[in-house]
1. Might you let me know whether the stretch 123-137 holds any residue that is under 21 Å from the mean Cα position of the chain (by Cα), closer than 30 Å to ASN35 by Cβ and aromatic (Phe, Trp, Tyr)?
2. Just to check your reading of the model, which residue among THR168, THR172 is farther than 25 Å from PHE83 by Cα, of a type in the set (S, T, N, Q) and in a helix (DSSP H, G or I)?
3. What about ASN301, is it in contact with a His (Cβ under 9 Å, 6 or more places away or on another chain), among the polar types (S, T, N, Q), under 24 Å from ILE147 (Cβ atoms) and in contact (Cβ under 8 Å) with a residue 40 or more places away in the chain?
4. Just the residues that are in a loop (DSSP other than H, G, I, E, B), loosely packed, with under 12 Cβ neighbours inside 10 Å and among the hydrophobic types (A, V, I, L, M, F, W, C), please, taken from the stretch 82-117.
5. What number of residues in the stretch 133-165 are polar (S, T, N, Q) and in a loop (DSSP other than H, G, I, E, B)?
6. Please specify each residue of the stretch 60-81 satisfying the condition of being surrounded by fewer than 24 Cβ atoms within 10 Å (Cβ to Cβ) and among the β-branched types (Val, Ile, Thr).
7. Which ones in the stretch 139-180 are over 17 Å from ASN301 (Cα atoms), surrounded by fewer than 24 Cβ atoms within 10 Å (Cβ to Cβ) and of a type in the set (Val, Ile, Thr)?
Amino acid sequence: MAQVLCQLPKLNSDENLLVGIETSDDAAVYKIDDNTALIQTVDFFTPVVDDPYTYGQIAATNSISDVYAMGGDPKLAMNIICFPTCLPSEVMAEVLKGGYDKVIESGAILIGGHTVEDDEPKYGLCVSGFIHPKNVLTNSNAKVGDILVLTKPLGIGVLNTAIKAEMTDKETYDKAVKVMTTLNKHAKDAMIKVGVNSCTDITGFGLLGHTLEMAEGSNVTIKLESEKIPVIKEALEFAKMGLVPAGAYSNKSFIGDKVYFDKEMSQELKDILYDPQTSGGLLISVDKDKVNLLLEELKGNNTEFGIIGEVVEKQEYSIIVG
């Protein structure tokens, strides 16, 4: 999207627009007054699971995440749904119920939305949130010496591919659903309490794509430690079998030669790092003196988390994976 938007005429400048499209950030932020800024985002996608209620939960969790990535609190949401006439209205009701329950869990309110006919279901939310203008987090403020923390494990794109192929057992399916339906609210609260420098959520561009945006936006190099990156083990097994979504290859093409891999790294792990995530975790850049406090605050997070790397001075490669 950002690659297309950059081809359009430049928007009229507005001093109250705190975050626009320049750094491919997670949401737009507009200053209302000295104490309040509006966070605005929208996201929707086709089903990743067959159960309509679960699909609604996942899509809503994913949409709300952009507000959390900016450090804000979601307050208002509106449905966006495309729906085929060949499916019963009860299915749409279940999708909307799943979305409603996640919006309520986030502390926001849901006030209708817009529906159109389409050949394939698509669902998501337009979400508004609020934050103090001085507390806005972006993906372009990582500092040299910072430590990187990831708040959810990787592998969701691979698992969704396996789910569609009906190759997963119930335990693996439940693991994937748990990750995708866990709000990033707890992680957001933890990083706001501690005070961090930069953040982005890991979604369609995968860990490496979103890390690249952070590295380039911050004019630094990011070093990742592959053995410390949380990964759902079943996803590695499926990736080794070749069940890798097309989006991973698109991400690899987009990133190109801006990443350096240790020569001993397995192909399946590389695929996981490129893997597009649905409703992934937050990638947080935090001062090394605060990282232990952040990890302490993250305890009780509903998913696996951990330190995955560090920020160093700008080098030849934007990302180095060892």
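1. Among the residues of the stretch 123-137, at least one is under 21 Å from the mean Cα position of the chain (by Cα), closer than 30 Å to ASN35 by Cβ and aromatic (Phe, Trp, Tyr), which makes the answer yes.
2. Residue meeting the stated conditions: THR172.
3. yes
4. CYS86
5. First pass over the stretch 133-165, keeping only residues polar (S, T, N, Q): 135, 138-141, 151, 160-161.
Those still in the list that are in a loop (DSSP other than H, G, I, E, B) too: 138-141, 151.
Count: 5.
6. ILE80, ILE81 - these are the residues of the stretch 60-81 that are surrounded by fewer than 24 Cβ atoms within 10 Å (Cβ to Cβ) and among the β-branched types (Val, Ile, Thr).
7. VAL144, ILE147, THR161, ILE163, THR168, THR172
Listed here are the residues, each with its yes/no results for (1) buried (at least 16 other Cβ atoms within 10 Å of the Cβ); (2) touching a helix residue (DSSP H, G or I) at 6+ places or on another chain (Cβ under 7 Å); (3) of a type in the set (Ser, Thr, Tyr); (4) assigned to a loop (DSSP other than H, G, I, E, B).
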{"residue": "ALA239", "(1), (2), (3), (4)": "yes, yes, no, no"}
{"residue": "VAL244", "(1), (2), (3), (4)": "yes, yes, no, yes"}
{"residue": "GLY256", "(1), (2), (3), (4)": "no, no, no, no"}
{"residue": "LEU269", "(1), (2), (3), (4)": "yes, yes, no, no"}
{"residue": "ILE284", "(1), (2), (3), (4)": "yes, yes, no, no"}
{"residue": "LEU294", "(1), (2), (3), (4)": "yes, yes, no, no"}
{"residue": "THR303", "(1), (2), (3), (4)": "yes, yes, yes, yes"}
{"residue": "ILE308", "(1), (2), (3), (4)": "yes, yes, no, no"}
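Bear in mind these aren't lab numbers, they're just calculated from the coordinates by the rules spelled out. Quick caveat, the model's predicted, so the values are computed rather than measured. Methodologically, a virtual Cβ is constructed for each residue, glycine included, from the backbone with ideal geometry; neighbour enumeration extends over all protein chains shown.
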